[in-house]
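The values are calculated or read from the model by the stated rules, or taken from the named source; none is laboratory data. Everything numeric here is computed off the predicted structure, so don't read it as measured data. Every residue, glycine among them, receives a Cβ derived from its backbone with ideal geometry; neighbour counts consider all protein chains shown. Ligands, DNA and RNA are excluded from the accessible area calculation, which covers all protein heavy atoms including side chains. Shrake-Rupley method; radii C 1.70, N 1.55, O 1.52, S 1.80 Å.
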Amino acid sequence: MTDTLIDLQKITRLYRSDDVETTALHNISLTIKRGEFVAIMGPSGCGKSTLLNVLGTIDRPTSGAYLFANEDGKSHDLARMSEKNLAKHRARHLGFIFQSFNLVDDLTIYENIELGLLYRDGRKGSRRQAIEGAMDKVGIAHRARHFPHQLSGGQQQRAAIARAIVGQPDLILADEPTGNLDTENGAQVMDILKGLNKGGATIIMVTHSQSHADQATRQVDILDGQLVASVAQVL
Ligand SMILES: Nc1ncnc2c1ncn2[C@@H]1O[C@H](COP(=O)(O)OP(=O)(O)OP(=O)(O)O)[C@@H](O)[C@H]1O
Ligand SMILES: [Mg+2]
């Protein structure tokens with residue numbers, strides 16, 4: 001029995017267009033244990049979002065293996081899994097948070113959060129309970145019937161976090177979740193993420209903020225598509 005959740009082995013991602021080839025990720029090997037809160041840092045264009053998209057199986061590596069351990073301890077190579085099974089994997093295990101919230105404009109906050117349960121089984125009553133529980137966790141329940149444009153940026157991001165966690169994912173992937181927020185709202189989002197991590201969720205967060213990275217349990221530095229440092233932090 002191991003508590004390794006993720007094992008990336010020599011992950012490379014090339015982007016090819018007509019005559020240009022970009023190496024967005026080069027030979028990234030990285031293991032992440034269940035319960036870690038990893039901050040990924042590095043300059044613009046170094047490959048952070050590409051790495052997060054590979055971790056989220058939105059993007060497939062050009063070469064390398066991506067082993068993911070399920071609850072039963074069995075590992076699967078997501079780099080070689082069919083699209084159909086990847087969709088199941090995402091629905092069952094992953095929650096995504098983006099810099100620009102990505103809420104659907106013409107759905108209410110409640111309905112937006114409900115999207116996090118798409119492709120998941122469950123009766124209506126238990127779905128409602130899950131949605132209300134997620135809204136309570138991020139303090140957005142009083143805005144359930146509002147539409148995204150009626151909310152502040154901080155409230156929108158908290159609703160997006162509720163959507164990410166409503167299915168109780170074991171892995172939360174966040175790409176600059178505080179990038180569009182002021183200091184106070186950014187701090188609130190960090191507090192929520194730390195709370196989710198204490199509750200057992202593994203979190204991988206891309207950030208440009210050193211003070212936010214300092215609140216994670218490990219910092220991983222990327223430069224020109226390569227992993228240059230991985231340092232556990234004493235909190
Ligand atoms: N779809 C794509 N097609 C071609 N090249 C791409 C594509 N997506 C990313 N790249 C290139 O891959 C490299 C890494 O991009 P990526 O978006 O991962 O950087 P990043 O570290 O997230 O940057 P930022 O901090 O600005 O968000 C860049 O050189 C980028 O131009
Ligand atoms: Mg990016």
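Would you say residue 212 is within 16 Å of ligand 2 (Cβ to nearest atom), surrounded by 20 or more Cβ atoms within 10 Å (Cβ to Cβ) and either hydroxyl-bearing (Ser, Thr, Tyr) or not in a strand (DSSP E or B) (or both)? Give the steps one after another, and end with the answer.
Numbers: within 16 Å of ligand 2 (Cβ to nearest atom): yes; surrounded by 20 or more Cβ atoms within 10 Å (Cβ to Cβ): yes; either hydroxyl-bearing (Ser, Thr, Tyr) or not in a strand (DSSP E or B) (or both): yes.
Judged against the criteria, residue 212 is a match.
Which number in (1) part of a loop (DSSP other than H, G, I, E, B); (2) surrounded by fewer than 17 Cβ atoms within 10 Å (Cβ to Cβ); (3) touching a residue at least 40 places away in the same chain (Cβ under 8 Å) marks the one condition that residue 65 misses?
Looking at each condition in turn, residue 65 falls short on (1).
Write out, first by first residue and then by second, each pair whose Cβ atoms fall under 8 Å of each other, whose residues are 6+ apart or on separate chains, and whose first residue, in region 34-51, is closer than 16 Å to residue 178 by Cβ and in contact (Cβ under 8 Å) with a residue 24 or more places away in the chain while the second is more than 9 Å from ligand 2 (Cβ to nearest atom) and among the basic types (Lys, Arg).
Between residues of region 34-51 that are closer than 16 Å to residue 178 by Cβ and in contact (Cβ under 8 Å) with a residue 24 or more places away in the chain and residues that are more than 9 Å from ligand 2 (Cβ to nearest atom) and among the basic types (Lys, Arg), the close pairs are 37/194; 37/218; 38/218; 39/218.
Out of region 157-184, which residues are open to solvent by less than 40 Å² (accessible area, probe 1.4 Å), polar (S, T, N, Q) and not in a loop (DSSP other than H, G, I, E, B)?
157
What about residue 95, is it open to solvent by 30 Å² or more (accessible area, probe 1.4 Å), touching a residue at least 60 places away in the same chain (Cβ under 8 Å), farther than 20 Å from residue 12 by Cβ and not in a helix (DSSP H, G or I)? Steps first, answer last, please.
Details: open to solvent by 30 Å² or more (accessible area, probe 1.4 Å): no; touching a residue at least 60 places away in the same chain (Cβ under 8 Å): yes; farther than 20 Å from residue 12 by Cβ: yes; not in a helix (DSSP H, G or I): yes.
Considered against the rule, which asks whether it is open to solvent by 30 Å² or more (accessible area, probe 1.4 Å), touching a residue at least 60 places away in the same chain (Cβ under 8 Å), farther than 20 Å from residue 12 by Cβ and not in a helix (DSSP H, G or I), residue 95 comes out as no.
Checking residue 59 against (1) modelled with pLDDT of 95 or more; (2) out of contact with any Gly (no Cβ under 7 Å at 6 or more places or on another chain); (3) surrounded by fewer than 17 Cβ atoms within 10 Å (Cβ to Cβ); (4) in a loop (DSSP other than H, G, I, E, B): exactly one of these is not met. Which one?
(3)
Under the condition of being within 16 Å of residue 23 (Cα to Cα) and β-branched (Val, Ile, Thr), which residue from region 40-56 is least open to solvent (accessible area, probe 1.4 Å)? Steps first, please.
From region 40-56, those within 16 Å of residue 23 (Cα to Cα) are 42-54; that's our starting set.
Among the residues that remain, those that are also β-branched (Val, Ile, Thr) are: 50, 54.
On the way: 50: 19, 54: 1 Å².
By that ranking, first place goes to 54.
Considering only region 134-147, state which residues are without any contact (Cβ under 8 Å) to a residue 24 or more places away in the chain and exposed (fewer than 15 other Cβ atoms within 10 Å of the Cβ).
Keep residues of region 134-147 that are without any contact (Cβ under 8 Å) to a residue 24 or more places away in the chain, which gives 136, 139, 141-142.
Residues satisfying the conditions are 136, 139, 142.
Have a look at 14, 55 and point out the one that is hydrophobic (A, V, I, L, M, F, W, C), within 16 Å of ligand 1 (Cβ to nearest atom) and closer than 21 Å to residue 172 by Cα. Walk me through how you get there before you give the answer.
Values: 14 fails: closer than 21 Å to residue 172 by Cα.
The conditions single out 55.
For region 102-125, give me each residue that is touching a residue at least 24 places away in the same chain (Cβ under 8 Å) and either part of a helix (DSSP H, G or I) or within 16 Å of ligand 1 (Cβ to nearest atom) (or both). Quick ask: steps written out before the conclusion?
Within region 102-125, the subset touching a residue at least 24 places away in the same chain (Cβ under 8 Å) is 102-110, 112-120.
Matches in region 102-125: 102, 109, 110, 112, 113, 114, 115, 116, 117.
Could you say which residue among 213, 232 is within 14 Å of ligand 1 (Cβ to nearest atom) and among the small types (Gly, Ala, Ser)? Step through it out loud before you land on a result.
Details: 232 fails: within 14 Å of ligand 1 (Cβ to nearest atom).
Going through 213, 232 in turn, the sole match is 213.
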